[in-house]
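*Asks:* Got a structure here, written out as structure tokens. Questions coming.
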Amino acid sequence: MTEVGNSRLSGLIPAGGIRASQCGGNTVGAMLREPSPRTDGYRHVDTPAMIRKLLALGANTYIYGIWDSPTDWDDLRLEFAPAAADAGIDVWVYLVPPSETSRDGGRASRPYVMDYVAWARACAELSVAHPNVKAWGIDDFEFNQETFTTDYVALLRKVAQDINPDLAFYLCTYFHAATDPGFLAKYGPYLDLVLYPFLDGRNLNTIVADSVGPCLDEIRAAVRPWNLDVVLLVYTGRFLDAWNEPTPDYCASAVRAGLEYARAGRIAGVTAYGLQLDDAPTISSTNKAMYGNGRLSLLVPPVRTQEGAYAQASQVVRVDPDAPRHELSFWHNDIFSGLVGGAGKHVKQVLLDGEVIWSEDVRHHGFALWQQCSTLHGPIDVTERLRGRTSATLAFRLHQARGGDEIFPVDVGFDHIETLGFTVDNPGFETTDAWTLDSSHGVPVPSIDIFVPDRPQHSFAAVAAEYHAHAGESANI
């Protein structure tokens, strides 16, 4: 039981909290399937392989998504749930809402699809047959409130509770709804837990992990009147709304912060969403560098920004005071949808000692090709600024020239810096060294985005290290 938690859930939460993994919408390799179809024509869940991977991960819970295949439910009740019980692993059932349900025979939670009363009954009956099935829940409540009225959710709760009063009910909801008193007042009386997907609060990215604690504190305060527990969901694999995929360091930091809260009894635990279990390589298209594997990324997620806000990378460069000429060359690109946003909002800048020496609106060209400085001008002569000097501060910046309610996401890249008469360390952003990253308002978000061919394996190892360390400490609680 956690500090904010529901005492009814004392049998649900293991000592030290849950350490879970889960698949989900458009994740890659987070559910292992058999290599060949069975006689029904479907590739079923590879239960033995899944159990081996979960044990290697140090997980004590698997949040089992029912969405990808019509066989998922039978695989759960006939094979996965009993095998997980034998391995000491609990199961939480995870269903999709109407907004993620195909109406033409595609992905859906089958067999009951959008009959959530039937799902409540089936999940409760499954939990009676397999007591390691501890909870059931539904994704994205806040985007499906027309279906999930108060009366309907109350009915779902009653149907399940009449069969198994110990079966917990949860919803997955993002920061804006998880901290909304009105939303919580509507659904809180019928829930046991909130599954919170961490995206740096309102900043919507999988780059910044430092805000896990403050975000959890805000949500814990919001759910306290309803006596709800919180599970932290950390994106540890591909997530469609995150422009830059989480790094192993990010995964470790965010998971570690959540486990510390779980150890202290402040939340119910952590789940690693989309963690790849299949040992496949990194998707090659995630390498956005011009050359090599690294680039500077200055990212604006799909959120409002403040006028004057900026993100930048800077370093003190070494200057030859007697060089006959000083020149700067760099390459840059912009990735954004041509359907949103106008000129005059996002401005790329290069600064020397705080003074802008080059700027260009991201809308100037409107294509994602790498360009050298200003296309017609080429490299920049900075001789007058650097002659006779031994050092200067060079910065690459994305500046918000306009704020307001306009949502205009963009990923600005800088790469392949070349100089005459002065020296820049790590000019290709192939490591995280030499550059200092700053963000004035949280958004835009700066990062050195480095493609790692086997990133999924590193992310798995990072989460496993945190889970196993936590399990060892929790055994002594």
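*Asks:* For the range 71-122, what are the residues that are of a type in the set (S, T, N, Q) and within 29 Å of Leu55 (Cα to Cα)?
*Replies:* Thr71, Ser109
*Asks:* Among Val133, Val96, Val91, which is the only one that is surrounded by 15 or more Cβ atoms within 10 Å (Cβ to Cβ), within 22 Å of Leu193 (Cβ to Cβ) and touching a Leu at 6+ places or on another chain (Cβ under 7 Å)?
*Replies:* Val133
*Asks:* Here is a further query. Would you point out which residue out of Arg397, Arg402, Arg385 is in a loop (DSSP other than H, G, I, E, B), among the basic types (Lys, Arg) and at pLDDT 95 or above?
*Replies:* One residue alone meets the criteria, Arg402.
*Asks:* So, one more: With (1) within 30 Å of Asn205 (Cβ to Cβ); (2) touching a Pro at 6+ places or on another chain (Cβ under 9 Å); (3) not in a loop (DSSP other than H, G, I, E, B) as the list, and Ala154 as the residue in question, which single condition is left unmet?
*Replies:* Just one mismatch for Ala154, condition (1).
*Asks:* Still on this structure: Exactly one condition in (1) of a type outside the set (Phe, Trp, Tyr); (2) within 25 Å of the chain's Cα centre (by Cα); (3) surrounded by 14 or more Cβ atoms within 10 Å (Cβ to Cβ); (4) not in a loop (DSSP other than H, G, I, E, B) is false for Glu430; which is it?
*Replies:* Result: Glu430 fails condition (4) only.
*Asks:* Return the residues of the range 348-390 that are of a type in the set (Ser, Thr, Tyr) and exposed (fewer than 13 other Cβ atoms within 10 Å of the Cβ); say none if nothing qualifies.
*Replies:* Thr375, Thr390
*Asks:* Kindly evaluate Gly269 against the criterion of being buried (at least 24 other Cβ atoms within 10 Å of the Cβ), of a type in the set (Gly, Ala, Ser), on the phi > 0 side of the Ramachandran plot and under 17 Å from the mean Cα position of the chain (by Cα).
*Replies:* Against the criterion (buried (at least 24 other Cβ atoms within 10 Å of the Cβ), of a type in the set (Gly, Ala, Ser), on the phi > 0 side of the Ramachandran plot and under 17 Å from the mean Cα position of the chain (by Cα)), Gly269 qualifies.
*Asks:* State which residue is nearest to the chain's Cα centre (by Cα) when the search covers only the range 37-77 and only residues that are assigned to a strand (DSSP E or B) and of a type in the set (Val, Ile, Thr).
*Replies:* Once the filter is applied, the top-ranked residue is Ile63.
For (1) under 19 Å from Thr436 (Cβ atoms); (2) touching a residue at least 24 places away in the same chain (Cβ under 8 Å); (3) not hydrophobic (A, V, I, L, M, F, W, C), each residue gets a yes or a no:
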| position | (1), (2), (3) |
| --- | --- |
| Gly308 | no, yes, yes |
| Ala323 | no, yes, no |
| Ser329 | no, yes, yes |
| Lys345 | no, yes, yes |
| Val350 | yes, yes, no |
| Val356 | yes, no, no |
| Arg363 | no, no, yes |
| Ile380 | no, yes, no |
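*Asks:* If you check Ile417, Ile450, which single one turns out to be closer than 30 Å to Met31 by Cα and buried (at least 17 other Cβ atoms within 10 Å of the Cβ)?
*Replies:* Only one candidate passes the filter, namely Ile450.
*Asks:* Within the range 268-279, is there a residue that is within 30 Å of Gly29 (Cα to Cα) and free of Cβ contacts under 8 Å to residues at least 40 places away in the same chain?
*Replies:* No.
*Asks:* Taking the residues in the range 272-311 that are over 30 Å from Trp92 (Cα atoms) and touching a helix residue (DSSP H, G or I) at 6+ places or on another chain (Cβ under 7 Å) as candidates, determine which candidate is surrounded by the fewest Cβ atoms within 10 Å (Cβ to Cβ).
*Replies:* Val303
*Asks:* Can you tell me which of (1) surrounded by fewer than 21 Cβ atoms within 10 Å (Cβ to Cβ); (2) of a type outside the set (Gly, Ala, Ser); (3) out of contact with any Lys or Arg (no Cβ under 6 Å at 6 or more places or on another chain); (4) outside any strand (DSSP E or B) is the one His470 doesn't meet?
*Replies:* All conditions pass for His470, except number (1).
*Asks:* Of the residues Arg224, Arg202, Arg238, Arg220, only one is under 23 Å from Thr61 (Cα atoms), in a helix (DSSP H, G or I) and charged (D, E, K, R); which?
*Replies:* Result of the check over Arg224, Arg202, Arg238, Arg220: Arg220.
*Asks:* Looking at (1) of a type in the set (Asp, Glu); (2) closer than 25 Å to Val223 by Cα; (3) free of Cβ contacts under 8 Å to residues at least 40 places away in the same chain, which one does Asp115 not meet, given that it meets all the others?
*Replies:* Every listed condition holds for Asp115 apart from (2).
*Asks:* Let me ask something else. Tell me which residues, restricted to the range 241-266, are out of contact with any Ser or Thr (no Cβ under 7 Å at 6 or more places or on another chain), in a loop (DSSP other than H, G, I, E, B) and surrounded by 19 or more Cβ atoms within 10 Å (Cβ to Cβ).
*Replies:* Correct list: Trp243, Thr247.
*Asks:* Please determine whether any residue of the range 403-415 is among the charged types (D, E, K, R), within 22 Å of Ser329 (Cβ to Cβ) and under 24 Å from the mean Cα position of the chain (by Cα).
*Replies:* Among the residues of the range 403-415, at least one is among the charged types (D, E, K, R), within 22 Å of Ser329 (Cβ to Cβ) and under 24 Å from the mean Cα position of the chain (by Cα), which makes the answer yes.
The values are calculated or read from the model by the stated rules, or taken from the named source; none is laboratory data. Treat the numbers as computed from the prediction; the structure is a model and nothing was measured. Neighbour counts are summed over all protein chains in view; Cβ atoms, including those assigned to glycine, are modelled from backbone coordinates with ideal geometry.
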